[in-house]
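Undergrad: This is the structure I want to talk about, given as structure tokens.
The values are calculated or read from the model by the stated rules, or taken from the named source; none is laboratory data. All of these numbers come straight from a predicted model, not from anything done at the bench. Positions of Cβ are backbone-derived with ideal geometry, glycine not excepted, and every protein chain shown enters the neighbour counts. These accessible areas exclude ligands, DNA and RNA; they are computed on the full protein's heavy atoms, side chains included. Shrake-Rupley method; radii C 1.70, N 1.55, O 1.52, S 1.80 Å.
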Amino acid sequence: MDYSQFFRTALDRLHDERRYRVFADLERIAGRFPHAVWHSPKGARDVVIWCSNDYLGMGQHPKVVGAMVETATRAGTGAGGTRNIAGTNHPLILLEQELADLHGKEAALVFTSGYVSNQTGIATLAKLIPNCLILSDALNHNSMIEGIRQSGCERLVFRHNDVAHLEELLRAAGSDRPKLIVCESLYSMDGDVAPLAKICDLAERYGAMTYVDEVHAVGMYGPRGGGIAERDGVMGRIDVLEGTLAKAFGCLGGYIAASHQVIDAVRSYAPGFIFTTALPPAVCAPASAAIRHLKTSQWERQKHQDRAARVKAILGAAGLPVMPSDTHIVPVFVGDPERCKRACDLLLEDHGIYIQPINYPTVPKGAERLRITPSPYHDDRLIDQLAEALVQVWQKLDLPLRAKPIAAE
């Protein structure tokens, strides 16, 4: 039997559907972000990164880099195994304390990634609740969907950010049935925000537990970087807050923060926690350094919002189809997978600008887009260059402009 044929067929299907993904070979240089080196087929080239989830550039912050180097020098590179086997390294204990404090919760639990924290966290929580009904936002991330699926619980999907539809489902479920509402605070493809206060109102009215994914908001919003829940004053009303250390905090890992009982239950029952090697000290210490810094420093958040607003204004003035967003996410609509990929290729090859295409299944077919994420370090000159390059690419691919574009050099 030719097993390789199965894989060739699967890959051919992706090519036919214009969904085959190609990853650029990029080398980030600390102190130069958002500039990087692209190891292209024709050799090394300098490029500007416009789609990093290291939203605040904390991956190169001296405090964060210094904490990693110092800790690796002192404690070595590995964790030694799972926490059950090797014990918990002290920097990991300190990290969980920082996270619990950030979210105003009794405890926190760190996982190897944000994906794992959702996948295993949701599945474990729901399995421990008898006859649990999960109510899930229609645009929840794949990691949340997988966690729900693995829980084996009944799931109802409410229309995206539609609290009226959510209330209908809650009312129909009855007051006696245990219910878990699962949503994100900030949806990364459209940049829109969940009505968390209204969701909390409904959860309290109908006796539901709440689980909110803050991965694209922690570090970014709220006076201490606690996320949208902190900004909107509802952090204490949400039962479980989930986040990542790999975006605004510039490191690696995911976590949940909740009451002592919830965290202890997940710690004791979650396979994705129990059987996985812990994050090593040299990853935990820089994450703690980033969190501590962003709890007190406002510069990164304020500068970031300023840069995002300028990108939206400049691209909009150029006639580019910027999709509405109240947050730092700047989606630019394309609507065709082939031209979306081609636009990104032209930006990289002709203009030294790296933006990854966002195609199905990340977004629905016909909603393909470029997802631009400015950082505090994208200056006015880089923003102007981005607008000029996008206009040239739009014209070359005969993509529609909404208004008269700015003059391209």
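Undergrad: Among the lysines, which fall within straight-line cross-link reach of LYS127, defined as a Cα-Cα distance under 18 Å, with same-chain neighbours fewer than 8 residues apart omitted?
TA: Cα-Cα hits under 18 Å: LYS179.
Undergrad: Right, something else. With springs only between Cα atoms under 10 Å apart, run a GNM on the chain and tell me which of GLY147, GLY174, GLY335 wobbles the most.
TA: Most flexible of the set in this elastic network: GLY174.
Undergrad: Moving on to the next point. In whole Å, how far is the Cα centre of segment 17-84 from that of segment 365-391?
TA: Value for the Cα centre distance between the two parts: 20 Å.
Undergrad: Report ³J(HN,Hα) in whole Hz for each residue of segment 219-234, in order, from the Karplus equation J = 6.51 cos²θ - 1.76 cosθ + 1.60 where θ = phi - 60°; Gly and Pro get x.
TA: x, 9, 10, x, x, 10, x, x, x, 4, 4, 5, 4, 8, x, 10
Undergrad: Here's something else I'd like to know. With every protein chain left in place, what is the accessible area of VAL163 in Å² (1.4 Å probe, nearest 10)?
TA: Rounded to the nearest 10, the figure is 40 Å².
Undergrad: Where is the GNM fluctuation largest for the chain (alpha-carbon springs, 10 angstrom cutoff): HIS90, HIS378, HIS293?
TA: Taking springs between Cα atoms under 10 Å, the residue moving most is HIS90.
Undergrad: How large is the accessible surface of ASP326 in square angstrom, using a 1.4 angstrom probe and rounding to the nearest 10?
TA: Answer for ASP326: close to 140 Å² accessible.
Undergrad: Here is a follow-up. Just for the chain, what percent of DSSP beta bridges are antiparallel, to the closest 5? Let's see the in-between values first.
TA: Numbers: 26 of 46 bridges.
Percentage antiparallel, nearest 5: 55.
Undergrad: What value in Å³ per residue do you get for the convex hull of the alpha-carbon atoms in the chain? Before the final figure, lay out the partial values.
TA: Details: hull volume 68.8 nm³, N = 409.
Normalising the Cα hull of the chain by residue number yields 168 Å³.
Undergrad: If you build the Cα gyration tensor of segment 8-70 and take the root of 5 times each eigenvalue, what three semi-axes come out, in whole angstrom, biggest first?
TA: Details: eigenvalues 203, 45, 23 Å².
After diagonalising the Cα gyration tensor, the semi-axes are 32, 15, 11 Å.
Undergrad: Right, here's the next one. Straight distance only, please: which aspartates and glutamates reach the Cα of LYS42 with their own Cα at less than 17 Å, same-chain residues fewer than 8 apart left out?
TA: Counting by Cα, and skipping residues close in sequence, LYS42 has these aspartates and glutamates nearby: ASP25, GLU27, ASP345, GLU349, ASP350.
Undergrad: Any idea what the alpha-carbon Rg over 2.2 N^0.38 Å comes to for segment 128-174? Kindly include the intermediate steps, with their values, before the conclusion.
TA: Values: Rg = 10.9 Å, N = 47, 2.2 N^0.38 = 9.5 Å.
It is 1.14.
Undergrad: Go through segment 336-408 and name the chymotrypsin sites (Phe, Trp or Tyr not before Pro) that are in a DSSP coil and have 10 or fewer other Cβ atoms within 10 Å of their Cβ.
TA: Details: sites: TYR354, TYR377, TRP394; in loops: TYR377.
In loop regions of segment 336-408 (DSSP not H, G, I, E or B), there are no sparsely surrounded chymotrypsin sites (Phe, Trp or Tyr not before Pro).
Undergrad: Leaving out ligands, DNA and RNA, and with a 1.4 Å probe, what % of the accessible surface on the chain is carbon or sulfur? Intermediate values should be presented prior to the final figure.
TA: Working: 9550 of 17920 Å².
That share works out to 53 percent.
Undergrad: Could you grab the relative contact order for segment 144-196? Cα pairs under 8 Å, six or more apart, rounded to a whole percent. All intermediate terms of the calculation are to be shown ahead of the outcome.
TA: Working: 22 pairs, mean separation 13.1, N = 53.
Across segment 144-196, relative contact order equals 25 percent.
Undergrad: Another question, then. In percent, how large is the relative contact order of segment 159-223, given Cα pairs closer than 8 Å and 6 or more residues apart? Provide the component values of the computation, followed by the final result.
TA: Numbers: 64 pairs, mean separation 24.2, N = 65.
Over segment 159-223, the number comes to 37 percent.
Undergrad: So what is the diffusion coefficient of segment 1-119 in µm² per second by Stokes-Einstein at 4 °C and 1.567 mPa s, using a Kirkwood Rh over Cα pairs?
TA: On the way: Rh = 18.9 Å.
Translational diffusion coefficient: 68 µm²/s.
Undergrad: A further question follows. Which entries of LYS312/LYS365; LYS105/LYS247; LYS295/LYS341 have Cα-Cα distances beyond 29 Å here?
TA: Details: LYS312/LYS365 24 Å; LYS105/LYS247 21 Å; LYS295/LYS341 38 Å.
Pairs exceeding 29 Å: LYS295/LYS341.
Undergrad: Given Cα positions, please report Rg to Rh for segment 312-354, the hydrodynamic radius being the Kirkwood one. Write out the running numbers ahead of the final one.
TA: On the way: Rg = 11.5 Å, Rh = 11.5 Å.
Looking at segment 312-354, the ratio lands at 1.00.
Undergrad: When all C-alpha to C-alpha distances in segment 52-199 are sorted into bins of 5 Å, what percent of pairs does each bin hold, rounded to whole numbers?
TA: 2, 8, 13, 16, 18, 15, 11, 8, 6, 3, 1, 0
Undergrad: Counting only C-alpha contacts under 8 Å and six or more residues apart, can you give the relative contact order of the chain as a whole percent?
TA: Working: 807 pairs, mean separation 83.5, N = 409.
For the chain, the relative contact order is 20 percent.
Undergrad: Can you bin segment 85-171 into rounded, prolate or oblate? Criterion: square roots of the alpha carbon gyration tensor eigenvalues sorted a ≥ b ≥ c, rounded for a/c under 1.5, prolate for a/b above b/c, oblate for the rest.
TA: Numbers: a/c = 2.43, a/b = 1.92, b/c = 1.26.
Here segment 85-171 falls in the prolate category.
Undergrad: So what is the accessible area of the chain per residue, in Å², with the probe set to 1.4 Å? Write out the running numbers ahead of the final one.
TA: Working: 17920 Å² over 409 residues.
Averaged over the residues of the chain, the accessible area is 44 Å².
Undergrad: Once amide H atoms are built 1.01 Å from N in the peptide plane, which residues 5 or more positions from LEU320, or in another chain, come under 5 Å H to H?
TA: It is ARG402, by chain and number.
Undergrad: Sticking with this one: I'd like the distance between the alpha-carbon centres of segment 90-111 and segment 274-295, rounded to an integer number of Å.
TA: Segment 90-111 and segment 274-295 have Cα centres separated by 9 Å.
Undergrad: Sticking with this one: Could you state the number of Å between the C-alpha centres of segment 196-236 and segment 118-137?
TA: The two parts, judged by their Cα centres, are 18 Å apart.
Undergrad: Applying the Karplus parametrisation 6.51 cos²θ - 1.76 cosθ + 1.60 with θ = phi - 60° to the phi angles of segment 30-38, what ³J(HN,Hα) value in whole Hz is obtained for each residue in order, glycine and proline being reported as x?
TA: 4, x, 10, 4, x, 6, 8, 10, 9
Undergrad: If packing is taken as the average number of other Cβ atoms within 10 Å across a peptide's residues, how do 25-36, 232-243, 111-122 rank, most packed first?
TA: Answer by packing, highest mean first, reads 111-122, 232-243, 25-36.
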